[in-house]
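Student: Please read through the structure below; I'll follow up with questions.
The values are calculated or read from the model by the stated rules, or taken from the named source; none is laboratory data. From a predicted model like this one, the values you see are computed outputs, not experimental measurements. Neighbour counts run over all protein chains shown; Cβ positions are idealised from the backbone, glycine included. Accessible surface areas use protein heavy atoms only, side chains included; no ligands, DNA or RNA. Shrake-Rupley method; radii C 1.70, N 1.55, O 1.52, S 1.80 Å.
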Amino acid sequence: MNAIRLYGRYVGVSLRSQMQYPGAFLLTSVGAFAATGIDFIAVWALFSRFRHIEGWQFGEIALFYGVISVSFALADGFTRGFDVFGEQFVKTGDFDRLLVRPRSTVLQLLGYEFRATRIGRFLQGALVWALGVHLTSIAWTWQVWATLLFAVAGGAALFSGILILQATLAFWTVESLEIANALTYGGVEAAQYPLDIYARWFRNFLTFVVPLGCVSFFPVAVVLGRADRTGVAPMVALLAPALGFAFLGVSLWLWKLGVRHYTSTGS
Amino acid sequence: MAVALRPYQAVFRARFQLLLQYRAAALAGFGTQCWWGAVKIMVFAAFLRGAASSPMTLREAVDYIWLGQAFLMLLPWTADPELARMVRSGDIAFERLRPLDTYAFWYARALARRTATPLLRAIPMILTAGVLMPLLGFGMWGLSAPAGLAAASLFAVSMVLDVALSSAFSTLLDVLVVATLSERGVNTFVGPLTIVFSGSLIPLPLLPDWLQPVMRYQPFAGLLDIPLRIYSGHMGGWEATAALGRQAIWVVVIIALGRLVLGRVMARLQAQGG
């Protein structure tokens, strides 16, 4: 059985098991929708008072927010296994079982759980995205869609990379420290506003260290016809989401180092 | 009197010391909160640069945001996980057997939770924003001293009322968990509510003007908004005194409500598990 079909099996099993409790599934999804929805209340309230943020309008922020939110929802749905890695695998010694199977650890952890409840977060992001489409006067050509889908793919890769890094850290710390929350939930918070409102050190951090800005700010600004605000050539801005994939690549490489370093804790 | 209080003091002390052990989690949380505070402050400053007028100055908002992060764990956004476990296992029945006032006993537990955990978070946050940042030359973006002696003393009183109110809310959540048999529903809906209405999401004065009358009188304001605005001098004199009065009234109301619901729940308690 090839990897993709096996992964399909994993997702199927995971979905069936989650659907055994339809009530809990619905409640958790609605909760995810509400919890992320309140974030947008803050954006709305600030705009209703101040009208604009350094020349950016509400509809434009909605598009930034939608793109980054949808990216994170995808990554969060797929990488649950890495999110709980420290607690569920390292601390218990269960990682040993993954190592003896003739499949890659990454595939097995991706298959650990497909979190369908993240549909709540995804829908909330998509809804705000639609609001952005409605409020801005962009011509929605296929080039625009291609740009934004590339941005979402890059964003999902970046967030997955962050969660894999958090899991990698657990090889040394045993427990998963939730410091990655600053970059995941906090990253969504930071990247929902255009990068050029931030201080220079923070902008550089979000471009070169953890390229959250590259997967949303640069391509979305071009789509909005505000390429001048990015400070780089439009072509560079359009290709920027590729850095999200590069980040994921580095994370996977570090993961391999971590696996080699792993010593079992089980007794 | 002192003898009657002893079991409640004992549970408070035991829980308090237990909760102080979670230092690694507090440190990880601290890093995350620094990030949130910095992002919130930069976003607000950017909005303010293009604004003709604002109900809060940058100085007031910066203090509000840092203190909001420092006292984040004071917010009653989840029920006590241990009590939820007791509901599931059926151990909750033992609570009925204690020759104690159940509400007061749970209130003492909540009081420990709403002092120990916030203390672990608040100390590093206040030291970083209030001492380290000014030393590094970022005083403008750090936490400043209270607006004066009067503000400082009113702030202290308000914080005491805040802890009392937060513990009353926490106990009410615990009671609701027992009533609904699961912490899931309570946590899902109370969390977002608390974050929005306490001012943790954005400072309440920044919400639209038409919402302000509602925001002023609702109970969650006493969990964060009132002490924080007193601290920076955004609210002073009679206005601040009246706000303290509202906090005190809500403490009484929420405790009474918790007692009422607990009485009803305990009268027909069904133990789960086996």
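Student: Considering only region B:156-178, I want to know if a residue exists there that is assigned to a helix (DSSP H, G or I), surrounded by fewer than 20 Cβ atoms within 10 Å (Cβ to Cβ) and within 14 Å of chain A (Cβ to nearest Cβ).
Tutor: No: region B:156-178 contains no residue that is assigned to a helix (DSSP H, G or I), surrounded by fewer than 20 Cβ atoms within 10 Å (Cβ to Cβ) and within 14 Å of chain A (Cβ to nearest Cβ).
Student: Please work out if A:Val43 is open to solvent by less than 40 Å² (accessible area, probe 1.4 Å), within 14 Å of chain B (Cβ to nearest Cβ) and over 27 Å from B:Arg184 (Cβ atoms). Quick ask: steps written out before the conclusion?
Tutor: Working: open to solvent by less than 40 Å² (accessible area, probe 1.4 Å): yes; within 14 Å of chain B (Cβ to nearest Cβ): yes; over 27 Å from B:Arg184 (Cβ atoms): yes.
So A:Val43 passes the test.
Student: Moving on. Restricting to region A:20-51, and then to whatever is at pLDDT below 85 and part of a loop (DSSP other than H, G, I, E, B), can you tell me which residue is nearest to B:Thr57 (Cα to Cα)?
Tutor: The selected residue is A:Tyr21.
Student: Suppose the filter is part of a helix (DSSP H, G or I) and in contact (Cβ under 8 Å) with a residue 60 or more places away in the chain; does B:Arg59 pass it?
Tutor: Details: part of a helix (DSSP H, G or I): yes; in contact (Cβ under 8 Å) with a residue 60 or more places away in the chain: yes.
So B:Arg59 fits the description; yes.
Student: Among the numbered conditions (1) crowded, with 20+ Cβ neighbours inside 10 Å; (2) within 14 Å of another protein chain (Cβ to nearest Cβ); (3) of a type in the set (A, V, I, L, M); (4) in contact with a helix residue (DSSP H, G or I) (Cβ under 6 Å, 6 or more places away or on another chain), tell me where B:Val43 comes up short.
Tutor: Here B:Val43 clears every test but (4).
Residues checked against (1) within 30 Å of A:Ser216 (Cα to Cα); (2) among the small types (Gly, Ala, Ser); (3) touching a strand residue (DSSP E or B) at 6+ places or on another chain (Cβ under 8 Å):
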position	(1), (2), (3)
A:Ala62	yes, yes, no
A:Ser71	yes, yes, no
A:Thr79	yes, no, no
A:Phe82	yes, no, no
A:Glu87	no, no, no
A:Val90	no, no, no
A:Asp94	no, no, no
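Student: What number of residues within region A:131-150 satisfy the criterion of being assigned to a helix (DSSP H, G or I), open to solvent by 100 Å² or more (accessible area, probe 1.4 Å) and under 16 Å from A:Gly59 (Cα atoms)?
Tutor: In the first step, residues of region A:131-150 are kept if they are assigned to a helix (DSSP H, G or I); the result is A:131-135, A:142-150.
Filter once more, so that each one left must be open to solvent by 100 Å² or more (accessible area, probe 1.4 Å): A:134, A:142, A:145, A:149.
In the following step, the residues that additionally are under 16 Å from A:Gly59 (Cα atoms) were identified as A:134.
Residues flagged as assigned to a helix (DSSP H, G or I), open to solvent by 100 Å² or more (accessible area, probe 1.4 Å) and under 16 Å from A:Gly59 (Cα atoms) within region A:131-150 amount to 1.
Student: Regarding A:Ile53, is this residue within 14 Å of another protein chain (Cβ to nearest Cβ), touching a strand residue (DSSP E or B) at 6+ places or on another chain (Cβ under 9 Å) and buried (at least 16 other Cβ atoms within 10 Å of the Cβ)? Steps first, please.
Tutor: On the way: within 14 Å of another protein chain (Cβ to nearest Cβ): yes; touching a strand residue (DSSP E or B) at 6+ places or on another chain (Cβ under 9 Å): no; buried (at least 16 other Cβ atoms within 10 Å of the Cβ): yes.
Here the answer is no, as A:Ile53 does not meet what is asked.
Student: Select, from B:Leu132, B:Leu193, B:Leu201, B:Leu136, the only residue that is under 20 Å from the mean Cα position of the chain (by Cα), open to solvent by 50 Å² or more (accessible area, probe 1.4 Å) and modelled with pLDDT under 95.
Tutor: Details: B:Leu132 fails: under 20 Å from the mean Cα position of the chain (by Cα); B:Leu201 fails: open to solvent by 50 Å² or more (accessible area, probe 1.4 Å); B:Leu136 fails: under 20 Å from the mean Cα position of the chain (by Cα).
Checking each option against the conditions leaves just B:Leu193.
Student: Take residues that are touching a residue at least 12 places away in the same chain (Cβ under 8 Å), more than 13 Å from the chain's Cα centre (by Cα) and closer than 28 Å to A:Arg103 by Cα and tell me which of the helices (runs of 4 or more DSSP H) falling wholly in region A:154-264 contain 3 or more.
Tutor: Numbers: elements: A:185-191, A:200-204, A:217-223, A:234-239, A:242-261.
Answer list for region A:154-264: A:242-261.
Student: Next up: Could you list all residues from region B:1-33 that are at the interface with chain A (Cβ under 8 Å from one of its Cβ atoms) and open to solvent by less than 40 Å² (accessible area, probe 1.4 Å)?
Tutor: B:Ala28, B:Gly29, B:Gly31, B:Thr32
Student: Next question. Do the conditions hold for B:Phe155, that is, is it of a type outside the set (D, E, K, R), at pLDDT 95 or above and either closer than 24 Å to B:Gly185 by Cα or touching a Cys at 6+ places or on another chain (Cβ under 8 Å) (or both)?
Tutor: Details: of a type outside the set (D, E, K, R): yes; at pLDDT 95 or above: yes; either closer than 24 Å to B:Gly185 by Cα or touching a Cys at 6+ places or on another chain (Cβ under 8 Å) (or both): no.
No; evaluated as a whole, the condition is false for this residue.
Student: So, one more: Against the condition touching a strand residue (DSSP E or B) at 6+ places or on another chain (Cβ under 7 Å), within 30 Å of A:Ser48 (Cα to Cα) and not acidic (Asp, Glu), how does B:Phe71 come out, does it pass? It would help to see each step written out before you state the result.
Tutor: On the way: touching a strand residue (DSSP E or B) at 6+ places or on another chain (Cβ under 7 Å): no; within 30 Å of A:Ser48 (Cα to Cα): yes; not acidic (Asp, Glu): yes.
No, not satisfied.
Student: Which one is nearest to A:Gly66 (Cα to Cα), of the residues in region A:219-241 that are open to solvent by 50 Å² or more (accessible area, probe 1.4 Å) and among the small types (Gly, Ala, Ser)?
Tutor: The selected residue is A:Gly225.
Student: Looking only at region B:62-90, count every residue that is without any contact (Cβ under 8 Å) to a residue 24 or more places away in the chain and surrounded by fewer than 16 Cβ atoms within 10 Å (Cβ to Cβ) and tell me the total.
Tutor: Step one: of region B:62-90, the residues without any contact (Cβ under 8 Å) to a residue 24 or more places away in the chain are B:82, B:85-86.
Retained after the next criterion (residues that are surrounded by fewer than 16 Cβ atoms within 10 Å (Cβ to Cβ)): B:82, B:85.
Residues flagged as without any contact (Cβ under 8 Å) to a residue 24 or more places away in the chain and surrounded by fewer than 16 Cβ atoms within 10 Å (Cβ to Cβ) within region B:62-90 amount to 2.
Student: Let me ask you something else. Which of (1) away from chain B (no Cβ under 14 Å); (2) modelled with pLDDT of 85 or more; (3) open to solvent by 30 Å² or more (accessible area, probe 1.4 Å); (4) part of a helix (DSSP H, G or I) is the odd one out, the single condition A:Leu98 does not satisfy?
Tutor: (3)
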